[in-house]
Amino acid sequence: MNGWIIYNGALRIKKNEILVKKLKEDGKLVGMDLKLIKNNEILPVYNQKGQLGLEGLTSIKKPDFVIFWDKDIYLAKHLELMGYQVFNSSDSIKYCDNKALMHLKLGNKSIRIPKTIVSPFVYQDQNLTEIYYKKCFEYLGSPIILKESYGSFGMQVYKIESFNELKKKINALQNKQFIMQEAITSSFGRDIRVNIIGNRIIGAMERNSTEDFRANITLGGKATPWHLNHEEREVALKAHMALGLDFSGVDLLLDANNRPLLCEVNSNVNFLSFEKATGLDYGKKLLEYIKGKIR
């Protein structure tokens, strides 16, 4: 059985390459020949006969499946339309990648989420009113957590303390879409990452940071194993299944009563920290799941 692992060729984050190389090695343990392919090595083409095709990979054998470790949803969709089986699907990646779309997709699913406002559509020169800023604070309280709709590793998430700071940040974003959420202060510097394959929870870890309100490992957070209670499992699984994912990393916050709230869902989960913290082999389990789906 052979497959492709497609990943971002322009993302200069070393652990991303370490992860896909580790996954390739895991493939040998389950009888898979996996090829590492950067998204910028492929030319998705539409020829004069009106047919979709690929250029640049003529010497590489057609795969039985594609593991899509990227957020290039147009390439993922292109592969699906050509008949390739892609994990995760382009639609699942789309909803996870855009925080505004994710919250809309999860609406009316009875999943506990912090109070959220999706930004209005504006052109490059922001024209939001003073009344708008005031209403945001009235609904969400202070501070406000502002998240760009597109962002990874916690790097496009901001804690906004004041009216003027909110106005300044929104103006600086220009025409970027964003969401705003109430601050779950009881979970500042702390969250729970739940790793899921299929409809089965593989395990969870708690991430803690003493330096930042964001608990991301990339920003200095530390991970330890976490035993999920029933409600935490329910929230994580419900979000994962609602987004149609084959595998994911679901981030939970804990409120003042220690009850879980959904923070976000990741379609390209960095499982290396999870494996190190828990001793569980997430990569191998993922490949075994895919092997079963292909059969």
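The values are calculated or read from the model by the stated rules, or taken from the named source; none is laboratory data. Model, not experiment: these values are computed from the prediction. Here Cβ is always computed from backbone atoms with ideal geometry, including for glycine, and neighbour counts include all displayed protein chains.
Taking the options 77, 62, 94, 109, name whichever one is of a type in the set (D, E, K, R) and surrounded by 20 or more Cβ atoms within 10 Å (Cβ to Cβ).
Among 77, 62, 94, 109, only 94 is of a type in the set (D, E, K, R) and surrounded by 20 or more Cβ atoms within 10 Å (Cβ to Cβ).
When the criteria are applied in full, residue 159 meets the requirement of being more than 30 Å from residue 294 (Cβ to Cβ), touching a Phe, Trp or Tyr at 6+ places or on another chain (Cβ under 9 Å) and either of a type in the set (D, E, K, R) or not assigned by TED's automatic domain parsing to the domain that holds residue 11 (or both).
Every residue in segment 164-200 that is charged (D, E, K, R) and under 19 Å from residue 101 (Cα atoms), please. Break it down into steps so the answer makes sense when it comes.
We begin by selecting, within segment 164-200, every residue charged (D, E, K, R); these are 165, 167-169, 176, 182, 190-191, 193, 200.
176, 182, listed by residue number.
Residue 176: of a type outside the set (A, V, I, L, M) and in a helix (DSSP H, G or I), yes or no? No: the conditions fail for residue 176. In segment 11-23, the condition of being loosely packed, with under 15 Cβ neighbours inside 10 Å, at positive phi and either at pLDDT below 90 or not charged (D, E, K, R) (or both) is met by no residue.
Assigned to a helix (DSSP H, G or I) and touching a residue at least 60 places away in the same chain (Cβ under 8 Å): is that true of residue 95 in this structure? When the stated conditions are applied, residue 95 passes them. Annotation: of all residues in segment 249-275 being within 20 Å of the chain's Cα centre (by Cα), over 22 Å from residue 92 (Cα atoms) and of a type outside the set (A, V, I, L, M), the one that is surrounded by the most Cβ atoms within 10 Å (Cβ to Cβ) is 260.
Residue 197 meets the stated requirement of being surrounded by 16 or more Cβ atoms within 10 Å (Cβ to Cβ) and either within 29 Å of residue 93 (Cβ to Cβ) or at pLDDT 90 or above (or both).
The rows are residues; the columns are (1) under 24 Å from residue 19 (Cα atoms); (2) among the acidic types (Asp, Glu).
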{"position": "183", "(1), (2)": "no, no"}
{"position": "199", "(1), (2)": "yes, no"}
{"position": "231", "(1), (2)": "no, yes"}
{"position": "252", "(1), (2)": "yes, no"}
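The condition of being over 30 Å from residue 187 (Cα atoms) and touching a helix residue (DSSP H, G or I) at 6+ places or on another chain (Cβ under 8 Å) holds for only one of 67, 117, that being 67. Restrict the check to segment 37-47 and report whether at least one residue is surrounded by 18 or more Cβ atoms within 10 Å (Cβ to Cβ), among the β-branched types (Val, Ile, Thr) and either farther than 30 Å from residue 179 by Cβ or more than 21 Å from the chain's Cα centre (by Cα) (or both). The answer is yes, given that some residue of segment 37-47 is surrounded by 18 or more Cβ atoms within 10 Å (Cβ to Cβ), among the β-branched types (Val, Ile, Thr) and either farther than 30 Å from residue 179 by Cβ or more than 21 Å from the chain's Cα centre (by Cα) (or both). Of the residues 158, 133, 150, the single one that is in a strand (DSSP E or B) and surrounded by 14 or more Cβ atoms within 10 Å (Cβ to Cβ) is 158. Note on segment 1-60: enclosed strands (runs of 3 or more DSSP E) holding 2 or more residues that are basic (Lys, Arg) are 33-38.
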